[in-house]
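The values are calculated or read from the model by the stated rules, or taken from the named source; none is laboratory data. Being a predicted model, the structure only gives us computed values, none of them experimental. Here the Cβ is made from the backbone with ideal geometry for all residues, glycine too, and neighbour counts use every protein chain on show. Accessible surface is based on the protein model in full, side chains and every heavy atom, while ligands, DNA and RNA are left aside. Shrake-Rupley method; radii C 1.70, N 1.55, O 1.52, S 1.80 Å.
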Amino acid sequence: MHPSGSSSSLGPGGLDLTQAFFKPIQRAGLPSPAKRHTKISVIGAGNVGMAIAQTILTQDLADEIVLIDANPDKLRGEMLDLQHAAAFLPRTKIHASVDYELTVGSDLCIVTAGARQNPGESRLDLLQRNVALFKNIIPPLARFSPETILLIVSNPVDVLTYVSWKLSGFPSNRVIGSGTNLDSSRFRFLIADHLDVNAQDVQAYIVGEHGDSSVALWSSISVGGVPILSFLKNQQIAYEKATLEKIHKEVIDSAYEVISLKGYTSWAIGYSVANLARSILRDQRKIHPVSVFANGFYGIEGGDVFLSLPAQLGRGGVLGVTNVHLTDEEAERFRDSANTILDVQSQLGI
């Protein structure tokens, strides 16, 4: 008698649910070859980059971390500050350089670098400067680590994930944007706060753009396995749509509130990105709402675009996108979100 392994087959005849549950993204490639030594490179040693590096260190996700930044003095200071904590951390080699050659052989490259907006500067002008910056970042990362996975955190993340995909020449499954992973965490927190439950028991997604045109998937929210809107309807409990929209607006405005109070966001995005790194490098196959190549989903056919959808992540990057049901209104808003991004991309000349 042969031992049986885990399987995606159910019932007589072995109905395979994997292909039905997950839809592959277009222009994907084969998974990167696995190896034991795990190396992560973080590009940008600002508040966000260092929060990510610190969280990765404390969660023991890498054998080696490389920090890259254009400011050599700050970079060395950050490296030494982390190295001096070696007695309190898992054993991890920490290196820092302005030279991208140090990133060679990285399993995961996390890009947080970005230009700051100048007074009176338009968002498009800022984006053009960030595109110029990425032209000096992405090609060397791809050259020194041709099998790596790119995880883009810099904003506007959806557009810059698209730019990174174009500049790297990588298959779409190996270019991922942090997208609405943090937005969805904020969404779950607010719902949990309203219901006085643990946020981990709330399943809720924000999809589309990481920004003002994001879409809250109210139709698929569940708490402890109970679909919320269906429950309210069955119990004849009235609710106002304006209340739902208010919660979504709180999600959109929450980052602006943090920035207005402390000047920047760092800890939440640090935990969010470390969570994505864990799913990818440990091949956990968890589902995260991240910015992926969205062509072919929910009627998006007008051009190449990256938007957040609930995606299964593993050692091969994006393994598939869940076939989550969207109402007609949600699907229309998702397409509007895509058009918002495409309008911006059309002005970039890439």
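Leaving out ligands, DNA and RNA, and with a 1.4 Å probe, what % of the accessible surface on segment 180-347 is carbon or sulfur?
50
Per residue of the chain, what 222 nm ellipticity follows from adding -39500 (n - 2.57) for every DSSP H run with n ≥ 4, rounded to the nearest 500?
The per-residue figure over the chain is -12000 deg cm²/dmol.
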*asked:* Students often get this wrong, so try it: which of (i) 20.6, 73; (ii) 19.5, 58; (iii) 20.4, 62 is Rg and Dmax of the Cα atoms in Å as calculated from the structure shown?
replied: (i)
_Within a Gaussian network of the chain (alpha carbon springs, distance under 10 Å), most fluctuating of Leu30, Leu276, Leu61_ = Leu30
_Accessible area, probe 1.4 Å, largest first, for residues Asp304, Asp193_ = Asp193, Asp304
*Which whole-angstrom value gives the distance between the alpha carbon centres of segment 313-350 and segment 17-74?*
22
*Angle in degrees between helix 72-83 and the longest Cα principal axis of the chain, rounded to the nearest 10*: 70
*Specify the angular offset, from 0 to 90 degrees and rounded to the nearest 10, of the alpha carbon long axis of helix 157-168 from the longest principal axis of the alpha carbons in the chain.*
60
*trypsin sites (Lys or Arg not before Pro) within segment 89-119, DSSP loop, no more than 14 other Cβ atoms inside 10 Å*: Arg91, Arg116
*Take every DSSP beta bridge with both residues inside the chain and express the antiparallel ones as a percent of the total, to the nearest 5.*
55
*Classify segment 180-347: rounded, prolate or oblate, from the alpha-carbon gyration tensor (a ≥ b ≥ c, eigenvalue square roots; a/c under 1.5 rounded; otherwise prolate if a/b is larger than b/c)?*
rounded
*Once the piece of chain linking Arg91 and Asp304 is laid out straight, how much longer is it, given 0.36 nm per residue of separation minus the C-alpha distance between them?*
72.5 nm
*Each residue of segment 196-205 in turn: what ³J(HN,Hα) in whole Hz from Karplus with 6.51, -1.76, 1.60 and θ = phi - 60°, glycine and Pro shown as x?*
6, 10, 6, 4, 5, 8, 9, 10, 7, 10
*Angle between the Cα long axis of helix 241-262 and the longest principal axis of the chain, 0 to 90 degrees, nearest 10?*
20
*Taking a 29 Å limit on the Cα-Cα distance, which of the listed pairs Lys23/Lys166; Lys249/Lys286; Lys135/Lys249 fall beyond it?*
Lys135/Lys249
*Treating cross-link reach as a plain straight distance, find the aspartates and glutamates whose alpha-carbon is under 16 Å from the alpha-carbon of Lys74, omitting any fewer than eight places away in the same chain.*
Asp99
*Among Leu150, Leu195, Leu313, which one shows the biggest mean-square fluctuation in a GNM of the chain, springs joining Cα atoms closer than 10 Å?*
Leu195
*Rounded to whole Hz and in sequence order, give me ³J(HN,Hα) for segment 320-334 from the Karplus expression 6.51 cos²θ - 1.76 cosθ + 1.60, θ = phi - 60°, writing x for Gly and Pro.*
x, 10, 5, 7, 5, 6, 10, 5, 4, 5, 5, 5, 5, 5, 5
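Per residue, what accessible area does the chain have, given a 1.4 Å probe and all protein chains present, in Å²?
On the way: 17400 Å² over 350 residues.
In whole numbers, the chain has 50 Å² accessible per residue.
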